[in-house]
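Comments concern the structure below.
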Amino acid sequence: MTEQTEPKVTMEKLVSLCKRRGYIFPSSEIYGGLGACYDYGPLGVEFKNNIKAAWWRSVVQERDDVVGLDASILMHPQTWVASGHVDGFADPLVDCKECHRRWRADDLEDAKCPDCGGELTEPRMFNLMFKTFVGAVEDDASVVYLRPETAQGIFVNFENVLASTRKKLPFGIAQIGKSFRNEITTGNFIFRMREFEQMEVEYFVKPGTDEEWFKSWIDERYEWYIRYGISRDNLRLRQHSSDELAHYAKDCSDIQYRFPIGWSELEGIANRTDFDLKQHAVTSGKSLTYYDDETKEHVVPYVIEPSAGVDRSALAFLSDAYDEEPDKDEIRVVLRLHPALAPIKAAVLPLSRNEKLRPLGREVHDSIRDRWMTQYDDAQSIGRRYRRQDEIGTPFCVTIDFDSLEDNRVTIRERDSMRQIRVPIDSLRTTLDAKLSGEPLEVLPPGGSFWLGFDDQSQ
Ligand code: GAP
């Protein structure tokens with residue numbers, strides 16, 4: 001553990017890169033923005049989709065015991081009575097009597113306004129759920145909530161999934177989707193948003209096996225972040241003490257990441273016991289049990305819940321990937337993103353915007369674009385284009401030069417090391433496939449490939 005070293009990047013640098021390059025913008029910015037809401041730009045949407053795909057691959061596609069679901073955001077209001085959110089999903093709120101700023105009382109160290117030192121009101125409980133209305137009449141009977149977690153969409157579908165898939169315990173249901181919380185404390189970019197995305201699994205197990213499964217999901221999820229590039233030094237586990245456990249949890253551990261704002265929760269793994277199924281059974285009047293063929297008994301399964309934030313994962317992956325290194329008289333900014341997460345996998349860059357290079361450049365681009373998200377760019381100097389691709393995290397650049405017209409070869413430049421190889425155009429697709437899957441650059445494809453050394457393009 002290297003707690004003493006500082007994170008490589010500040011939040012300001014990340015915010016600026018994300019805006020400049022089209023990863024993340026403040027929401028409705030032309031009107032001054034809306035607090036704690038953000039929009040993912042052209043690169044951000046690819047990146048976010050890649051994170052969700054990587055998660056889905058690992059928790060659904062690579063397992064036999066987890067199936068997917070996509071439940072609606074608006075749910076019957078009784079859902080939130082049963083889950084405890086109507087009564088209990090609240091933070092203590094205080095107002096400053098001088099400047100009228102609002103604070104979460106449990107975030108404050110003393111009883112004064114951190115901004116102006118003014119006197120604060122008595123705390124009052126503030127429910128974090130957004131309310132809206134179904135139908136044309138805005139009365140109490142038509143109130144619905146924007147879901148504050150995706151989990152409840154899974155619990156209310158327990159019976160449907162069980163009956164339609166005939167799964168045996170232990171099995172899980174996974175879901176990715178938007179959640180909404182009217183957060184009081186905001187201001188750390190996409191760390192805490194009012195509209196955000198969650199990736200949650202509710203894993204149903206036989207009572208008595210829950211503690212074992214709790215541990216195994218912690219390991220599974222911890223390793224997922226490392227598999228996709230997060231440094232082990234920037235992750236740690238924090239077990240909740242009994243007085244901070246949520247009302248439904250018997251045990252909970254957070255996977256924390258060393259964000260630019262310090263160590264904070266990236267994902268929570270909770271042992272939710274049989275709380276939710278029992279609550280929904282009582283409130284709905286439906287039996288939500290599992291028939292155990294071996295013991296010939298109906299049981300209410302216990303639930304292990306790994307609950308991750310897409311946006312927090314995005315922030316962690318970006319923070320961890322960000323790097324700066326000297327580059328002649330300048331600084332090279334590189335996003336060393338895992339290839340599976342990088343928004344653009346390869347950029348095709350003719351050496352210059354020369355008429356003679358364009359047809360081959362287009363042809364090369366066409367030969368790979370159906371396979372990966374790629375870019376074709378022939379504006380500005382090649383050095384500047386390399387730096388741009390480094391800054392947005394593109395693992396490989398493919399360069400077409402005048403020799404390519406003669407020898408039918410192109411140069412592949414690796415983002416992280418700036419090393420280059422020259423390969424025949426007809427092996428470009430298989431070579432990129434292998435390199436994006438982790439094959440070292442040293443392994444050259446047959447058919448006349450060779451080393452070119454380092455990219456020495458200056459600005
Ligand atoms: N179903 C359990 C649950 O929702 P949580 O700890 O409140 O638990 C789980 O949230 C994860 O969702 C967090 O670890 C975080 O990654 C993400 N998350 C929660 N609130 C968020 C917010 N306001 N903005 C961004 N991500 C958030």
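Data for the structure
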read-out: Integer Hz, Karplus 6.51/-1.76/1.60 couplings in order for the stretch 250-267, x for Gly and Pro; value: 8, 7, 7, 10, 9, 8, 9, 10, 7, 5, x, 8, x, 5, 8, 5, 9, 8
read-out: Within the accessible area of the chain (1.4 Å probe), percent carbon and sulfur; value: 49
read-out: Qualifying lysines (Cα of each under 17 Å from Cα of Lys168; at least 8 residues distant if same chain); value: Lys206, Lys296
read-out: Among 256-264, 278-286, the order from most to least packed when residues are scored by Cβ within 10 Å on average; value: 256-264, 278-286
read-out: Sparsely packed GluC sites (Glu not before Pro) within the stretch 245-319, loop by DSSP, other Cβ within 10 Å at most 10; value: Glu294
read-out: The stretch 356-424: C-alpha gyration tensor shape, a/c 1.5 cut-off, then a/b vs b/c; value: rounded
read-out: Under-5 Å amide H pairs with Asp39, H placed in peptide plane, nonlocal only; value: Phe25, Ser27
read-out: Beta bridges by DSSP in the chain, antiparallel share as percent, to the nearest 5; value: 85
read-out: Cα extents of the stretch 255-335 along the three principal axes, largest first (Å); value: 74, 28, 18
read-out: Principal axis box of the chain, alpha-carbon based, largest edge first, Å; value: 76, 66, 52
read-out: Å² of accessible area per residue within the stretch 136-253, as computed with a 1.4 Å probe and no ligands counted; value: 44
read-out: Whichever aspartates and glutamates have a C-alpha closer than 20 Å to that of Lys131, once near sequence neighbours (fewer than 8 apart) are set aside; value: Asp87, Asp91, Asp139, Asp140, Glu149, Glu183, Glu195, Glu197
read-out: Cα gyration tensor shape for the stretch 10-145, rounded if a/c is under 1.5, else prolate or oblate; value: oblate
read-out: Lys/Arg +1, Asp/Glu -1 at C-beta; the stretch 166-307 dipole; positive extreme among Tyr248, Ser179, Ser231; value: Ser179
read-out: Heavy-atom accessible area per residue - the stretch 1-122, 1.4 Å, Å²; value: 57
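The values are calculated or read from the model by the stated rules, or taken from the named source; none is laboratory data. Just so you know, these numbers come straight off a predicted model, no measurement behind them. For neighbour counting, all protein chains shown are included, and Cβ atoms are generated from backbone atoms with ideal geometry for every residue, glycine included. Each accessible area value is taken on the protein alone, full model and side chains, heavy atoms only, with ligands, DNA and RNA left out. Shrake-Rupley method; radii C 1.70, N 1.55, O 1.52, S 1.80 Å.
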